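Only one structure is covered here, and it is reproduced in the block below.
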Amino acid sequence: MTPARRLLPGFAGAVHLPGDAGYEEHRRPLFTPIDQRPALVAEATSAQDVRAAVVAARDAGLTLAVQATGHGTHAPCDGGLLLRTSHMGGVLLDPRRRVARVGPGARWGQVITAAEPFGLAPVSGSHAGVGVTGYTLGGGLGWLSRAYGFAADSVLRAQVVTADGRLVTADPGSHPDLYWALRGGGGNFGVVTSLEFRLHPVARVFTGAACFPVERADEMLAFYRDWITGLPDELSTALSLTSMPEDPQVPPPVRGRRVVQLKVLYAGSADQGRRLLRPLWRAAGPALTEDFHTLPYAGASMGGIAPGQVELLRELPDSAIAAITGVAGPDDGPAVEIRHWGGAMGRPSPDAGPAGHRTTRLSVIADAGSAVLADALRAHTSGGAFLNFLHDPTRTAQAYTAADHRRLSAVKRRYDPDNTFGVTHNIPPSSRGEVARPVGAGYGAAAGRRAAPGQAQP
Ligand SMILES: Cc1cc2nc3c(=O)[nH]c(=O)nc-3n(C[C@H](O)[C@H](O)[C@H](O)COP(=O)(O)OP(=O)(O)OC[C@H]3O[C@@H](n4cnc5c(N)ncnc54)[C@H](O)[C@@H]3O)c2cc1C
């Protein structure tokens, strides 16, 4: 038996130790600058493998980090066990019940493709390569969220390997506290080995973009702020102040130009979509370019801005608009997207999970941090963050209301008292009989509780 196999008895998938041929390739996340050096990397092939890995990590006093695609890895797994789930990417559909069940390695593109022939769609996000499970555990804000809520709101059931090595079902009737926490609480409570969620009757959508001169940004934003009140939930829009590339494929009127770009996805007819949008044109003037189509949901490509800075706003007064256009109007400013939330996200069911800040009216996402923008928006922000857009794990507590964070810490104490799943946007377990408190700073310590690097006080 190889040394790697001895470390993980009962584990059928590949295991890579430092120095092994596969270690360098498998230790890295995809999209982040994290240069992590785990003690070992294990590629799970089944729920049994996941159990074997969790038990081995616990017995060896190692932290355990889960990675499906690496799109959302913001805390390094140094000296711990990195469990990769990309080989567990199965997708099963029950179109009659409008339900999908996926393995922890599944990506949104697989679900979208499988659901399309049945006129169904998930609450997926802006990129088909993102992992379904990581996205959903972090809340999941998609272009159908105004109509159907956060992706977490569509979760029906999860199978989870908890820190004590049990494989449990979390749903309204079984481990309801864990079911609640998983719907927004991230990867803190165990390793999800399968996720079951609702699909929605969305076959075709009216979608596309229009670009306007950036000089119209102040008027457009002021109009947008009022116009979004009372829009149907099926309509999702965003305005971006951005520079179009100097690319021959970009239409000449906007090539290499700073613009205000309106992005639209409407789960309804083209006629009604155009009628709903028309007032914006009255405020913005003629568009430089327009490109709208009715497409299958699978063909809609919404893109998004890589979040260097994210602010969640309750209101958008003129002073905030002036700050946004002052920072993002000039050619060399950051790209900034103002996106309308609300709709079903703001009307959670009584047992909804802790995903998101549901009173958020608009998010402002900049691709680079700006102190000027932050200062100008401070008075109008909720002070909150959205877990999936948060790259700084020390701000994890800000993704929740204080009450939800306390409840999450209590659930954490029940399911992962030693913080085995601490290498993530960490929610520390609360102390016995107390409200949530941070755990000690001994990340990777073999005994006692572990804290993720940079763990912030909630
Ligand atoms: C290009 C791009 C576009 C994006 N667009 C959106 C968007 O439109 N809306 C939105 O809400 N978010 C969006 N995100 C953010 C994305 O949802 C998060 O980064 C999410 O964490 C990615 O999950 P993953 O599994 O792909 O990544 P991974 O890095 O593999 O996992 C991220 C974290 O998820 C947890 N996790 C993953 N699998 C499991 C499991 N089986 N059990 C327990 N925990 C697990 C772990 O804590 C892990 O650290 C986007 C990210 C990128 C890079």
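Of a type outside the set (S, T, N, Q), surrounded by fewer than 23 Cβ atoms within 10 Å (Cβ to Cβ) and over 24 Å from residue 357 (Cβ atoms): is that true of residue 230 in this structure?
It is false that residue 230 is of a type outside the set (S, T, N, Q), surrounded by fewer than 23 Cβ atoms within 10 Å (Cβ to Cβ) and over 24 Å from residue 357 (Cβ atoms).
Looking at the range 393-409, which of the residues that are in contact with a helix residue (DSSP H, G or I) (Cβ under 8 Å, 6 or more places away or on another chain) and either in a helix (DSSP H, G or I) or modelled with pLDDT under 95 (or both) is surrounded by the most Cβ atoms within 10 Å (Cβ to Cβ)?
408
Out of the residues in the range 54-73 that are under 25 Å from the mean Cα position of the chain (by Cα) and more than 15 Å from residue 416 (Cα to Cα), state the one that is surrounded by the fewest Cβ atoms within 10 Å (Cβ to Cβ).
Result: 70.
Looking at this structure, is residue 257 modelled with pLDDT of 95 or more and within 30 Å of residue 371 (Cβ to Cβ)?
When the stated conditions are applied, residue 257 passes them.
Can residue 103 be described as farther than 20 Å from residue 35 by Cβ, touching a strand residue (DSSP E or B) at 6+ places or on another chain (Cβ under 8 Å) and surrounded by 18 or more Cβ atoms within 10 Å (Cβ to Cβ)?
Answer is yes for this residue.
Would you please name the residue that is nearest to the ligand (Cβ to nearest atom), looking only at residues in the range 146-156 that are over 19 Å from residue 90 (Cβ atoms) and of a type outside the set (Phe, Trp, Tyr)?
Residue satisfying both the conditions and the ranking: 152.
Answer yes or no as to whether residue 41 is outside the structural domain of residue 301 (by TED's automatic domain parsing), assigned to a helix (DSSP H, G or I) and either more than 16 Å from the ligand (Cβ to nearest atom) or in contact (Cβ under 8 Å) with a residue 40 or more places away in the chain (or both).
no
For the range 113-145, how many residues meet the condition of being more than 8 Å from the ligand (Cβ to nearest atom), of a type in the set (Gly, Ala, Ser) and touching a residue at least 40 places away in the same chain (Cβ under 8 Å)?
4
Is at least one residue of the range 206-228 assigned to a strand (DSSP E or B), among the β-branched types (Val, Ile, Thr) and more than 28 Å from residue 321 (Cα to Cα)?
No: zero hits.
When the residues of the range 369-391 are narrowed to those that are over 25 Å from residue 157 (Cα atoms) and within 16 Å of the ligand (Cβ to nearest atom), which ends up farthest from the chain's Cα centre (by Cα)?
384
The values are calculated or read from the model by the stated rules, or taken from the named source; none is laboratory data. Keep in mind the model is a prediction, meaning the values are calculated, not measured. Please note: Cβ atoms are built from the backbone with ideal geometry, for glycine as well, and neighbour counts cover all protein chains shown.
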